[in-house]
C-alpha cells in the first residue's frame, strides 16, 4: 500500500515557485530519503505535505485525499512531522513535551499514554534521566531525541523527518539513523530530508534528489548511492558519519 | 491617617486588587495563547455584574438575546464551513456545542428571573451566561483572523469593547447597579474590622490561583494551553488546534470575568461602561509581569488595587491619574530591559 503520494505539488512564495510540480511517493513500511542542496525546496515539501504550507496539486495519505484535512487532523491520522527546528516546548518539562506528543490520541479518548511514554523512555533512556528538566536545557542530541520521541507518542504511521542529523555529533547521528531503521522495522513509514546524504541513503529503500524545486533523479537508494552524479554532487569521498 | 483608616484602605485595596489580579491572570492566559490583548475583558465583568443585579430585582436580563444571537451566528458559520468542506459528520456536534448549551441557559434564565431564586443560583446563572459568551466571541470575531498580526487582533479587541459597551447601554440602561454583599458580615480583630465580602474576594483569588496552578501544571488541556503559548507551530504539529486553545482560553477568561462581576457588584456600583477602567487596570497588572508571568501579574494587580485605594483617599478626583501615572516608570523599566523578538518586530 502507498502511505503517501504527492502529485504535481507546487508551492510558491510570491511569484517564484519553490516547488514546481513535485511528484513523490512513500510505500508503507519504507524509508524514503530526499536529498538535495540548500534551497532546493526539501523543507518546503515536508511543510506542504503536513499542511503547514498551502500547496497546489494533490496529496493523498493511505489513499485518502488530504486537501481539506488540517495539520492537526493529519497528526491525528498518524502523519507526523519532526521539523528541522524541533519546535519543542522549551518551558515545559521533557515528560510534559512527550505527554503532549500524544495529545491527538488523548483527544480521541485514549488514556494509555503512560505505556507509550514508557516505550519512548526505553528507546531513549537519556530522556528518562532528564524527564523533569525543561526542554530548553537539553543538548542538541537530547533535543532531537525529544522531538523524535514526541512524534512517536502520536503513534505515527508515517513520519516526516527534517534534517534529523543537523548539528549533531557523529556518534549521535549514527544512533539517530539506527533508531530510524528500527522504526521502519516496527512498521512506521518514513520520509527523511537529510543533508548528510550518505547516512540517509544507507538506511533508505528509495530516494529522490530535489534540485531547484523539481525532482531531478529518483530510484532505489542502493542504485543512487553508486550513481556517479550523486557521488560527485552529494556524497563526495566516502567518510564516516 | 490613623492605623484604622490605613487598614481599611489596605483591605479595600487588596479586595479590589484581587479582582484585577483574577482578570490579569486571564489577560496573560489569553495573550500568551492567542496573542490577543483582550481589553474587552472588562465587559465580561460588567455584563455579569449587571446580569446578577437584574436577576436580583426580578428582571430578565436582556443580554440573553446577545447570547442567543452570537450562538446562532457561530453555529451558522460552523455549519457553512462543514457543508463547504463536505464534513457533514461534524454538524450534529456543532449544533450541540453552539446551540444547545446557550439556549438551555437562556431558557433557565427566563424561568428563574421572576422566581426570586436564591442568590447563589442567580450568581451561577449570571456567570454561565457570560462564560458561554467567551468562546462564541472568539469563534466569531477572532478565529477567522487568528493568524493575523498582534496589531490587527488588538484593534478587533478594541472594536469589541465599543460594541459590547453599546450593547451594555442597550440592555441595562445608563443607571448604575449595586447589590447587597453575598455575605453581609464583618469580623472585629482588636480595633480593626474585616469585611466578610473582602475575605470572600481574596479567598476566590486564592482558590482560582490554586485551581489554575493545578490546571496548567497537571492536566493535559492545561499543558496544551501552555504549549500553545510557548510554541504555536510546535503545538500544531502535535495536533493541538490553536483555535481550540483560543476557545478554551476565552471560556476560562469569560468564566473568571463572570465570577469577578458577581463579586465586584456588591462592593462597587457598576455601570454599563465600567468595564473599560476595570479592564485597563487589569492590563496594568498583566503588564507588570510582561504579559507572560502569572505571579508578577497577581502581585502587580494587588499593587494597582492598593494604589487605587490610597489614591482615592488622598485625592479622589485624581485616583485614575495616580494609578495610571504610577505605571509609566514600570513600563519604561520593562521596555528598557526587554529584548526584541519576532513578535516585537512585527509590531
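For segment A:125-241, just list the percent of Cα-Cα distances falling in each 5 Å bin from zero outward, please.
Spelled out per bin, shortest first, that is 2, 10, 20, 21, 19, 14, 7, 4, 2, 0.
Over all Cα pairs of segment A:89-155, how is the pair count split among 10 Å bins, expressed in % and running from 0 up to the last occupied bin?
With a bin width of 10 Å, the distribution comes to 25, 57, 18, 1.
By its C-alpha gyration tensor, with a ≥ b ≥ c as the square roots of the eigenvalues, how is segment A:181-241 shaped: rounded for a/c under 1.5, else prolate for a/b larger than b/c, else oblate?
Details: a/c = 1.97, a/b = 1.36, b/c = 1.45.
Oblate, since a/c reaches 1.5 and b/c is not below a/b.
Between B:337, B:139, B:35, where does the largest GNM mean-square fluctuation fall for chain B, given springs only between Cα atoms within less than 10 Å?
B:337
Roughly what would the spin-label model give for residue A:169 and residue B:211, points 7 Å off Cα along C-beta, in nm?
Rounded to a tenth, the inter-label distance reads 4.9 nm.
For Cα pairs less than 8 Å apart in space and 6+ apart in sequence, what is the mean separation divided by the residue count of segment B:93-219, i.e. the relative contact order in percent?
On the way: 34 pairs, mean separation 15.7, N = 127.
Relative contact order for segment B:93-219 comes out at 12 percent.
Fewest to most neighbouring Cβ within 10 Å: what's the order for B:175, B:320? Mind showing how you got there, number by number?
On the way: B:175 10, B:320 14.
The fewest-first ordering by Cβ neighbours comes to B:175, B:320.
Below 8 Å, C-alpha to C-alpha, sequence gap of six or more: please give me the relative contact order for chain B in percent. Present the calculation step by step, with values, prior to reporting the outcome.
Numbers: 519 pairs, mean separation 131.9, N = 347.
Over chain B, the number comes to 38 percent.
Translational diffusion coefficient of chain B at 4 °C, 1.567 mPa s, Stokes-Einstein with Kirkwood Rh over Cα pairs, in µm²/s as a whole number. The partial results should precede the final answer.
Numbers: Rh = 20.9 Å.
For these conditions, the coefficient is 62 µm²/s.
Taking N as the number of residues in segment B:138-264, what value does Rg over Cα atoms divided by 2.2 N^0.38 Å take? Could the numbers behind the result be given before it?
Details: Rg = 19.4 Å, N = 127, 2.2 N^0.38 = 13.9 Å.
It is 1.40.
Add -39500 (n - 2.57) for each DSSP H run of 4 or more in chain A, then divide by its residues: what number comes out at 222 nm, to the nearest 500 deg cm²/dmol?
Details: 10 runs with 84 residues, N = 241.
After summing the helix terms and dividing by residue count, I get -9500 deg cm²/dmol.
What are the semi-axes of the equivalent ellipsoid of the protein assembly as shown, taken as the square roots of 5 times the eigenvalues of the Cα gyration tensor, listed largest first and rounded to whole Å?
Numbers: eigenvalues 563, 137, 85 Å².
Square roots of five times the eigenvalues give 53, 26, 21 Å.
What is the antiparallel percent of DSSP beta bridges lying wholly in chain A, to the nearest 5?
On the way: 23 of 40 bridges.
That works out to approximately 60 percent antiparallel.
Take every residue in peptide A:59-72, count the Cβ atoms of other chains within 10 Å of its Cβ, and give the average of those counts. Before the final figure, lay out each step's value.
On the way: counts 0, 0, 0, 0, 0, 0, 0, 0, 1, 4, 2, 5, 6, 10.
Shielding by partners across A:59-72 averages 2.
Kindly identify segment A:33-81 as rounded, prolate or oblate by the Cα gyration tensor criterion: order the square roots of the eigenvalues as a ≥ b ≥ c, call it rounded if a/c is under 1.5, otherwise compare a/b with b/c, prolate if a/b is larger, else oblate. Could the numbers behind the result be given before it?
Working: a/c = 2.01, a/b = 1.82, b/c = 1.10.
Note, shape of segment A:33-81 comes out prolate.
Of A:46, A:166, A:190, which is the most mobile in a GNM of chain A whose springs link Cα atoms less than 10 angstrom apart?
A:166
If we count other beta carbons within 10 Å of each Cβ, what is the order of A:233, B:34, fewest first?
Values: A:233 17, B:34 27.
By the 10 Å Cβ count, ascending, the order reads A:233, B:34.
So what's segment B:58-164 giving for Rg/Rh, alpha carbon basis, Kirkwood Rh from the mean inverse pair distance? If you can, show how the numbers build up before the last one.
Details: Rg = 16.0 Å, Rh = 15.3 Å.
Value, to two decimals: 1.04.
Restricting the calculation to Cα positions, tell me the Rg (one decimal) and the Dmax (whole number) of chain A in Å.
My reading of the Cα-based Rg and Dmax gives 17.4, 52 Å.
Just want the ordering: B:310, B:3, from fewest to most Cβ atoms lying within 10 Å of their own Cβ.
Details: B:310 19, B:3 10.
Sorted ascending by nearby Cβ count, the order is B:3, B:310.
Under the definition of Cα pairs under 8 Å and six or more residues apart, what whole-number percent is the relative contact order of segment B:48-125?
Computed value for segment B:48-125: 46 percent relative contact order.
Taking springs between alpha-carbon atoms closer than 10 angstrom, which of A:217, A:153, A:66 fluctuates most in the Gaussian network model of chain A?
Result: A:217 has the largest fluctuation of those listed.
Enter the mean projected area of the convex hull around the alpha-carbon atoms of segment B:4-96, in nm², rounded to one decimal. Walk me through the intermediate numbers first.
On the way: hull surface 38.3 nm².
For segment B:4-96, averaging the hull's shadow over all directions gives 9.6 nm².
What is the angle, in °, between the Cα long axis of helix A:170-185 and the longest principal axis of the Cα atoms in chain A? Nearest 10 is fine, range 0 to 90.
Computed tilt is about 90 degrees.
Please find the FRET efficiency linking residue A:111 to residue B:111, where r is the Cβ-Cβ separation and R0 is fixed at 30 Å, and quote it to the nearest 0.05. Mind dumping the intermediate values first?
Values: r = 38 Å, r/R0 = 1.26.
So the FRET efficiency works out to roughly 0.20.
Counting every Cα pair in segment B:222-322, what percent are over 17 Å apart? Walk me through the numbers before you get to the answer.
Values: 3265 of 5050 pairs.
In whole percent, the share of Cα-Cα pairs in segment B:222-322 beyond 17 Å is 65.
Testing the spin-label approximation: label points 7 Å from Cα along Cα→Cβ at residue A:67 and residue B:335. State their distance in nm.
Each label point is offset 7 Å from its Cα along the Cβ direction, giving 5.0 nm.
Read-outs: derived from the displayed coordinates by stated rules, not from any lab. Predicted model, so just to flag it, every value in this text is computed and none were measured. With ideal geometry, Cβ positions are generated from the backbone for all residues, glycine too; neighbour counts draw on all protein chains shown.
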